[in-house]
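Undergrad: Structure below; questions to follow.
What follows draws every value from the coordinates through simple rules; no lab data is involved. What you are looking at is a predicted structure, and each value in this text was computed from that prediction instead of being measured. When we count neighbours, we look across all protein chains shown, and the Cβ atoms used for this are built from the backbone with ideal geometry, even at glycine.
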Amino acid sequence: MDMSTSDMDMSTMSTMSTMSNTTTMDMSMMSMTFFISKTTALYSNMWTPTTDAGYAGTCIFLVLLATLFRGLLAVKAWKESAWLAEETNRRYVTVAGKGPKSERISIDSDSKNMTLSENGVEENVMVVKTRTMGVRPWRLSIDPVRAIMDTIIAGVGWLLMLAIMTMNLGYFLSVLGGTFLGSLALGRYVIAFEH
């Protein structure tokens, strides 16, 4: 092994040492505890409240943004439910040359003939197992809209995360308040459409 190729000159080591110290100083200056300040920049230095009204306006913006985020989740759940219902309804179209659904069910290996009895009355029924849906086909009318919605939801979520990462207690509580209001107003729609 040639030692001359592994030696670094002193200027390179000095530069690396300076860069390491700068990085360490920047990381140590970053606050890891919540603080209260009415002049914390949000998203850029141009958005730095300087008055109480400016700070209140910024907090109200964060409440509205968090509420919008919950609304977007509800709209996405509603659209997914509508798309699934549309796809499920699409399956019951009779195709020319194919037999009626009753004939196809009777020869289906997943269907079983049974007798149902209630209060002494017997009725012949056919039990059909639900197959797993698997991957839905790609559709031009659905998938680009889903991708746009997911992108907007991710963008709003990241903006909320950046606001919380300022560690400003007012911003943090504003995001929590907006999440609470959004869930209070729209949370039932997300749950209803997920099932």
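Undergrad: ³J(HN,Hα) across region 175-185 via Karplus (A = 6.51, B = -1.76, C = 1.60, θ = phi - 60°), whole Hz, x for Gly/Pro?
TA: Those phi angles translate into 5, 4, x, x, 5, 4, 4, x, 5, 5, 7 Hz.
Undergrad: Compute the distance in nm between two label points, each set 7 Å from the Cα along the Cα-to-Cβ direction, one at residue 88 and one at residue 43.
TA: In this crude spin-label approximation the distance works out to 3.9 nm.
Undergrad: Could I ask something else about it? Provide the FRET efficiency to the nearest 0.05 for the residue 191-residue 148 pair, computing r from the beta carbons and using R0 = 30 Å.
TA: 0.80
Undergrad: Based on the alpha carbon coordinates of region 138-195, what radius of gyration and maximum Cα-Cα distance (Dmax) apply, in Å?
TA: 14.8, 44
Undergrad: I would also like to ask the following. For a protection proxy built on the mean count of beta-carbon atoms within 10 angstrom, sort 176-183, 67-74, 161-168 highest first, please.
TA: 67-74, 176-183, 161-168
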